[in-house]
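One structure below.
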Amino acid sequence: MPEKRQMHLGQQLTRAGRWSRAGITSGPAALWLGIFLALPLAAILAISFLTRGEYGGVELPFTFDSYKRLAGFGELGFDSLYPVVLGRSLALGMATAVLCLAAALPLAFFIARLSEKYKGAALTLVVIPFWTNLLIRTYAWQILFSPNRWLTVAAHSLGIGTAGEALYPGTLAVLTGMVCDFLPFMVLPLYASVEKMDWTLAEAAADLGADRWRVFRHALLPQIWPGLGAGFILVFLPATGQFVIPDLLGGAKTAMLGNVIQQQFASSRDWPFGSAIAAVALLLVLVGLAIFQRKGSKHEVLP
Amino acid sequence: MRRPGWFLSAIAAGLYIFLYAPIVVIIVFSFNAARFGTVWEGFTTKWYGALLHDSAALSATKNTLLLALVSTGIATLLGSLLAFGLTRFDFPGRKIFDRVLYVPVFVPDIVLATSLLLFYSLVGSFIPALELGMTTMILGHVTFQISFVAIVVRARLAGLDPALEEAARDLGAGEWKTFLHVTLPLMLPGVLAGAMLAFTLSLDDFIVSFFTSGPGSTTLPILIYSSVKRGLTPDINALATLIILISVLATVSLTWLQKNKQDPHPKK
Amino acid sequence: MKINTPLLNRHFCAVVFSAFLFAGAAQAEKSTLNLFIWSEYIDPQIVSAFEKQFDCKVNIDLYEDVDSMLAKIQGGGAGLYDVVVPSDNLVPVMMKQNLLAPLRHENIPNLKNLGEKFVSPAYDSKNRFTVAYQWGTVGLLARKTAGQPLPDSWACIFDPAKSAGSFMLIDSVRDQVGAALKYQGHSVNSIIPSELKAARDLCIAAKSRSVGFDGSVGVKNKILAKTAQVGIVYSGEGVRAMVDDTNTTYIIPKEGSVIWVDNLAVLAKAPHRDLAEKFLNFILDARIGAQLSAYTQFATPNQAARAFIKPLDLENHAIYPLPEVTDRLEFLNDLGFKLRLYDEVWTQIKTR
C-alpha cells in the first residue's frame with residue numbers, strides 16, 4: 001500500500017519530509033544497531049581470518065587457518081570433530097523443535113477447547129515458565145536427574161543410564177532441558193493460530209467422510225501453518241545456538257557450537273578460532289532466518 | 001466446539017507436570033537442610049535468612065535491577081521510535097531494515113556476547129568509557145532489546161486505524177500534537193508490552209552479561225551460574241524461589257490487568 | 001486503556017535518571033580494591049579485616065580455572081582489576097605480555113616472611129612481579145566404601161577395569177591432561193604429539209564414563225553431595241572435604257602428579273596500585289597467612305606464618321607432602337607456542 005504510507009497523520013509529505021522524519025525516528029536505533037551489532041559482527045568476521053598470538057590475542061597475517069581447523073585439518077592431523085559438532089548442534093536443534101511441536105500441538109488444542117472460564121488460566125500456566133529465568137529452570141533438571149531420585153530410578157528400570165548414577169550429564173538430559181525450556185515458545189504462537197481456527201471446515205470435512213487424519217491434514221493443518229512456522233523458528237534457531245543448557249546438563253559430553261565458542265574465548269584464548277566458529281553459527285542463523293522469511297512472506301510466519 | 005476429551009486432557013496434564021517439575025523442585029529444595037547436594041535432609045528456612053546477609057546476592061540483585069531498568073528505558077525509547085518510523089515512512093532500505101530487525105532476535109547469545117567482547121576490547125583502548133562493566137553490559141542489553149521492542153510496538157501500530165489521526169489533523173491539531181495526544185496513547189499498550197518483554201529479557205540474560213561484565217558488576221544470573229557450577233545450591237535455590245515467585249506474581253497480575261482493562265482499540 | 005501519558009513518561013524518566021545517579025554515586029564512594037581470585041580461596045573475614053584496616057571496599061570476582069582468568073584479563077580486563085592470582089606456569093605468560101606491574105618492595109616489608117624456597121623462584125627471579133600466595137598439589141578425592149581399598153593410582157580414572165565408582169574430571173587443561181600423561185609415565189610438560197594424542201584419547205574415554213568436568217571446588221562439592229565417588233581436585237579442596245565428611249580422603253596417585261604455587265600479582269594497569277601492594281603486604285603478615293591457610297587448607301609459603309598454624313595441619317601430609325612424594329611431583333612449565341597443542345587436545349576432549 002505505498003500510496004497510504006505517503007500519507008502521514010493525514011498529511012501529504014514530500015520525499016524530503018518523509019526521509020527526514022524517517023531519519024529522526026528510525027535513525028537512532030539504526031545507528032545503535034550499526035555500532036553495537038553490525039560493527040561487532042564485522043569484527044568477529046575479520047578476526048576469524050587473523051592469526052592467534054603466542055599467548056592469545058590476535059596478530060597478522062591474514063590466514064584461513066581457523067577455517068581449515070574447523071573443517072578438520074588441525075595441529076594433530078585430520079579429525080572430523082568440528083563438522084560432527086556442527087551436525088550435532090543442528091540435530092539437537094531439530095530434535096528439540098520436533099519434540100516441542102509434538103508436545104505443543106495437543107497442548108494448544110487442549111487450551112483452545114477449554115471453556116472461556118479456564119482458558120485464561122491454562123494459558124497463563126504456559127506463560128509463567130516463559131517469564132521464569134531459563135538458568136533456574138535448567139539447573140533444576142540437575143536435581144531431578146540426580147542419582148536415586150525416583151525419576152532417575154524409573155529411567156534406570158527402563159534400561160536408560162547406569163543404576164546408582166545420575167542421568168546427567170548427557171544427551172538425554174540436554175534434550176529434556178531444551179524441550180522443557182523451549183516448549184512455551186512453541187505453544188504460544190501455535191495456540192494463537194488454533195484459537196483463530198475455523199472449526200466448521202473440520203466439521204464439513206468430517207461430514208464429507210474424511211477420517212481423523214485427513215481432517216487434520218487438509219482442514220486444520222493449513223490453518224495453523226503460520227503459528228507452526230513461527231513456533232518452529234522460535235525453537236529451532238535458539239536451540240541450535242544454545243550454550244547454557246548443554247553446559248549445565250551436557251557436561252562436555254554433548255558439546256554444541258555454543259560450547260566450543262565459549263571455550264575458545266575462555267580457557268583456550270583462541271580468538272580467531274572462536275570467531276570462525278561464531279561466524280559459521282551466525283551464517284547458519286542468517287540462512288535459516290532468510291529461508292523462513294521467504295516462506296513466511298507467503299504465510300505470515302513472523303509478526 | 002467440543003470440550004477436550006480425557007485423552008487430550010491426560011496429555012495436557014502430563015505436559016503441565018513436565019513444565020512445572022523444575023520449578024516445583026527448586027521451591028521444594030530451597031527448604032532442604034542439606035548443605036551439599038540433592039539428598040533431602042529435613043526442612044529448614046535458614047537459607048532464606050542467610051540470603052539477607054549475603055552481600056554478594058544483595059549487590060547482584062542491585063546490579064541486575066539497575067541493568068534491566070536502564071537498558072529497558074533506552075531500548076523502549078529507541079525501539080518504539082524505530083517501530084513508528086518503520087510503519088509510517090517509506091525510505092530507501094526500509095524493506096531490508098524490516099528483515100534485519102530479526103537478526104538480533106535470532107543471533108545466538110554466545111555470538112552476540114563474544115562479538116561485543118571483541119568489539120569492546122578493540123575499541124576500548126581508544127575510548128576509556130567502554131571499559132568492561134555496567135556501561136558495556138547496558139550497551140549490550142539494549143542491542144538485543146531494541147528489536148524485541150520494535151517488533152511488539154510495530155504489531156500494535158500496524159493494527160491502528162489511521163482515521164483517528166486523520167480526524168485529529170482535520171480538527172486542526174498539528175503534527176506533534178496529533179502524535180502526542182492521539183498516536184502515542186494508542187501505541188502505549190504496545191510500548192508497555194515491549195518494555196515488559198525487554199525488561200524480562202534483561203533479567204534473564206546470562207551470556208552477554210557474563211562476557212561483558214567487569215569488577216563488581218556481577219548480576220543474579222552470573223551469580224546463579226557460578227554457584228551452580230561450583231555445586232553450591234541451597235541458598236541459590238532460595239534465591240531462585242524468590243525470583244520465581246516474583247515472575248509468577250508479575251505474570252498473573254499483568255494477565256489480570258489486561259483482562260480487566262478492556263482495550264477500546266484492539267488490534268483489528 | 002486510560003493512562004495519563006505525560007505523567008507516566010515523566011515518572012519513567014525519573015526512574016531511569018535516578019538509576020544513573022545511583023550508579024554514579026556507587027562509584028564515587030571510598031577507595032576500592034578489585035580482586036580477581038579463585039572461588040573459596042580467601043577467608044571472607046580476612047577481606048573484611050582488610051576493608052576495616054584500610055577503610056576501603058574490596059570487590060571480588062571469581063574464576064574456576066586460571067586460564068579463564070587470563071582470558072578475561074586479555075579480553076578487556078587488564079585495566080579493571082588490581083590483584084590477580086596466577087599459578088606459577090602462568091606468571092611468565094603474563095610477564096611476557098607486560099600485564100604485570102613490578103612490585104615496589106619498599107611497600108611490601110612483609111616479603112621477609114616468605115619461606116626460602118619462595119624467595120626469587122625460577123618463574124620470577126627476585127620476586128619482581130609476584131609473591132607466593134598458597135601452594136599445593138593435584139590429586140584424587142575419594143569416598144571410602146566399605147570393603148573396598150582406596151584408589152592409589154590414576155587408573156581409577158583412566159582404566160575402566162580399575163574403576164572405584166563414578167568419578168569427576170577437573171575442568172583445567174594442564175591438570176587434566178597432565179594426569180593422563182602421568183598415568184602413562186610421561187612428563188606433565190610433554191610436547192610430543194604421540195604422547196599428547198594418547199593422553200587425549202585416555203581423557204575422551206574417561207569423559208564418556210565420567211560425571212563430567214568441574215573446577216576443583218565444584219568437584220569437591222559434588223563428591224560431598226555424593227554425586228560422584230572420586231574426583232580430581234587440588235589438595236586444599238581435598239583436605240577441606242575430609243573435614244566436612246570424614247568418609248572422604250585425599251590421595252596423591254603413585255604415578256605422580258602436579259605441584260604448583262599460586263601467586264599474588266598486581267596488574268600493570270591496575271587502577272589502585274598502592275592499595276594493591278598494601279593488600280599483598282597484608283596477606284604476607286604472619287597471622288593473616290596462618291588464618292588464610294587455616295581457611296583454604298592449602299600449604300603456606302609464609303615461613304613466619306607457620307608459627308601460628310595448627311601443628312595438626314603442619315603434620316598433615318595431604319597438605320605438606322612427604323619428601324618421597326614430592327619427588328614424584330612436577331611443576332608445570334610455560335610451553336610458549338607449543339601450548340597450542342594442549343589447546344587443540346583440550347578442545348577435542350571437551351567437544352568430542
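Read-outs throughout are calculated quantities, based only on the coordinates presented, and are distinct from any laboratory measurement. These figures come from a predicted structure and were not determined experimentally. For neighbour counting, all protein chains shown are included, and Cβ atoms are generated from backbone atoms with ideal geometry for every residue, glycine included.
Tabulated values for the structure
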| quantity | calculated |
| --- | --- |
| The protein assembly as shown - share of DSSP beta bridges that are antiparallel (%, nearest 5) | 65 percent |
| Alpha carbon centroid spacing (whole Å) that separates segment C:234-291 from segment A:98-140 | 48 Å |
| Nitroxide proxy distance, nm - points 7 Å out along Cα→Cβ at B:Trp6 and C:His317 | 6.9 nm |
| Partners for C:Lys144 among aspartates and glutamates (Cα-Cα distance below 20 Å; same-chain residues under 8 apart left out) | A:Glu165, C:Asp152, C:Asp159, C:Glu237, C:Asp244, C:Asp245 |
| Cβ-Cβ FRET estimate between C:Lys96 and C:Lys52, R0 fixed at 30 Å, reported to 0.05 | 0.20 |
| Per-residue average of Cβ from other chains inside 10 Å of B:222-228 | 5 |
| Magnitude of the charge dipole, segment B:53-260, Cβ model with Lys/Arg +1 and Asp/Glu -1, debye to 20 | 140 debye |
| Separation of the A:His218 and B:Leu164 label points, Cα + 7 Å toward Cβ, nm | 4.4 nm |
| Other-chain or far-sequence residues with amide H under 5 Å of A:Val58's (modelled H) | A:Gly53 |
| P(r) weight above 35 Å for the protein assembly as shown, C-alpha pairs, percent | 55 percent |
| Residues with amide H under 5 Å from that of C:Leu100, placed H, sequence gap 5 or more | C:Ala268 |
| Added length on full extension, which subtracts the Cα-Cα distance from 0.36 nm per residue, B:Leu180 to B:Val24 | 51.6 nm |
| Derived scalar couplings ³J(HN,Hα) [segment B:60-68; Karplus, 6.51 cos²θ - 1.76 cosθ + 1.60; whole Hz; x for Gly, Pro] | 5, 4, 4, 4, 4, 5, 4, 4, 5 |
| Two-decimal ratio, chain A, of alpha-carbon radius of gyration to 2.2 N^0.38 Å | 1.25 |
| Extension gain, A:Lys119 back to A:Ser80 (0.36 nm per residue minus Cα-Cα distance, nm) | 9.0 nm |
| Per-residue mean of C-beta atoms belonging to partner chains within 10 Å, peptide B:72-80 | 4 |
| Span-like helix ranges in chain C, DSSP H, alpha carbon extent 30 angstrom or more, Kyte mean at least 1.0 | C:5-27 |
| Sum of -39500 (n - 2.57) over DSSP H runs of 4+, divided by residues of chain C (222 nm, nearest 500) | -12000 deg cm²/dmol |
| Amide proton proximity set for C:Phe331, modelled H, under 5 Å, gap of 5+ | C:Ile259 |
| Using θ = phi - 60° and Karplus 6.51 cos²θ - 1.76 cosθ + 1.60, couplings along segment B:173-188 (whole Hz; Gly, Pro as x) | 6, x, 4, 5, 5, 4, 4, 5, 9, 10, 5, 4, x, 5, 8, 4 |
| Candidate lysines for bridging to C:Lys338, where Cα separation is under 18 Å - those fewer than 8 sequence places away on the same chain excluded | C:Lys96, C:Lys197 |
| Distance from segment C:202-216 to segment B:116-144 (C-alpha centre basis), Å | 35 Å |
| Chain B: angle of helix B:220-229 to the longest principal axis, Cα-based, in degrees nearest 10 | 40 degrees |
| Integer Hz, Karplus 6.51/-1.76/1.60 couplings in order for segment C:87-103, x for Gly and Pro | 7, 3, 6, 8, 4, x, 4, 6, 5, 5, 8, 6, 8, 10, 8, x, 7 |
| Packing rank of A:151-158, C:206-213, where each peptide gets the mean count of other beta carbons within 10 Å, highest leading | C:206-213, A:151-158 |
| Percentage relative contact order, chain C, counting C-alpha pairs under 8 Å, at least six apart | 26 percent |
| Estimated distance in nm for a label pair at C:Ile204 and A:Leu151, the labels positioned 7 Å out from Cα along Cα-to-Cβ | 3.1 nm |
| Per-residue average of Cβ from other chains inside 10 Å of C:38-49 | 1 |
| Highest-first arrangement of A:15-22, A:97-104, A:273-280, where packing means the average Cβ count within 10 Å | A:273-280, A:97-104, A:15-22 |
| Calculated FRET efficiency for the pair C:Lys144/B:Tyr16, C-beta based, R₀ 41 Å, to 0.05 | 0.40 |
| Set of aspartates and glutamates with alpha-carbon distance to C:Lys112 below 14 Å, sequence-local pairs under 8 removed | C:Asp285 |
| Residue-averaged 222 nm ellipticity for chain A, from DSSP H runs of 4+ at -39500 (n - 2.57), nearest 500 | -22000 deg cm²/dmol |
| Three-way shape call for chain B based on the alpha-carbon gyration tensor, with the a/c threshold at 1.5 | oblate |
| Mean-position separation - Cα centroids, segment C:88-158 and segment A:45-91, in angstrom | 32 Å |
| Total lysine pairs under 22 Å (Cα atoms) in chain A, excluding pairs fewer than 8 apart on one chain | 5 |
| Residue-averaged 222 nm ellipticity for chain B, from DSSP H runs of 4+ at -39500 (n - 2.57), nearest 500 | -23500 deg cm²/dmol |
| Prolate/oblate/rounded call for segment B:115-259, Cα gyration tensor, a/c under 1.5 rounded | oblate |
| At most 13 other Cβ within 10 Å, DSSP loop - GluC sites (Glu not before Pro), segment C:284-352 | C:Glu315 |
| Chain C: C-alpha gyration tensor shape, a/c 1.5 cut-off, then a/b vs b/c | prolate |
